[in-house]
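Enquirer: There's a structure below that I have some questions on.
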Amino acid sequence: MSDKGAKSQRYALAVFQALIEKWQTALADVSAALSKDQDRYSRLMDGSRTVEERMEALEGVLPADAPLEMVNLLKLMLQEGDMDLLPEVSAALGHAVSGGKQPVRAEITSATELSDAHKQALQQALTQQYGEELVFYFGVDASLMGGLRVRVGDRLIDTSVATRLAALRESLASVVR
């Protein structure tokens, strides 16, 4: 890489880090304000209140210089009921800037509830194949009829009976046509 290229990369990284730090500071300020004002936090988290009422409570703790994108993120988190994730979002931003690996979601769906031993065996096998940064989520979907559907990041492994039957049906239909 040329000297100009290296310099431009450093400048771009400095801008990126400054933006992330601004976001982290603003998110930390909101989180601290909410932890100090339990009444406001209760209003934010009260699902029986209208979204508008909850938004008003949120706007009272937003920093004056908060970027519009961050305000929109916080409003989305409020609508989705995820305001308790503020510290984790801030930490994930810092982790992204440092270049560290992000956690990867591993969703395992089965037709029936898996035993703890089966869950542990799946976790070990997937960790061995995909690495240590997996976060596991287990679910049940009776429509699978049997087998598993495993999604790790953007990869899908579907060994369910329902999918096999659908493939067989498609295969038979293509032969009959």
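Enquirer: Once amide H atoms are placed 1.01 Å from N in the peptide plane, what residues at a sequence separation of 5 or more from Leu134, or on another chain, have their amide H within under 5 Å of its amide H?
Expert: Val104
Enquirer: Roughly what % of Cα-Cα distances in the chain sit above 25 Å, to the whole percent?
Expert: Details: 9198 of 15576 pairs.
Cα-Cα pairs in the chain separated by more than 25 Å: 59 percent.
Enquirer: Mind computing the radius of gyration and Dmax over the alpha-carbon atoms of the range 104-176? Å is fine for both.
Expert: 14.1, 47
Enquirer: Also: Please return the longest range in the chain lying between exposed loop sites, taking GluC sites (Glu not before Pro), DSSP loop only, at most 15 other beta-carbon atoms within 10 Å, and leaving the sites out. Show your work: numbers first, answer last.
Expert: Values: sites that count: Glu113, Glu132, Glu133.
The longest uninterrupted stretch comes out as 1-112.
Enquirer: Kindly work out what percent of the DSSP beta bridges joining two residues of the range 104-176 are antiparallel, to the nearest 5. Intermediate values should be presented prior to the final figure.
Expert: Numbers: 9 of 16 bridges.
Restricted to the range 104-176, the bridges split so that about 55 percent are antiparallel.
Enquirer: Show that you can apply the helix-only estimate: for the chain, add -39,500 (n - 2.57) for every DSSP H stretch of four or more residues, divide by all residues, and state [θ] at 222 nm to the nearest 500. It would help to have the intermediate numbers written out before the result.
Expert: Numbers: 7 runs with 108 residues, N = 177.
-20000 deg cm²/dmol, from helical runs alone.
Enquirer: Sticking with this structure for a sec: Would you kindly give the portion of the calculated P(r) for the range 3-98 that falls above 19 Å, as a percent of all Cα pairs? Walk me through the numbers before you get to the answer.
Expert: Working: 2046 of 4560 pairs.
Tail of the P(r) past 19 Å holds 45 percent of the pairs.
No lab work stands behind these numbers, since they all come straight from the coordinates. Small disclaimer: the values here were computed from a predicted structure and weren't measured. Cβ atoms come from the backbone with ideal geometry, glycine included; neighbour counts cover every protein chain shown.
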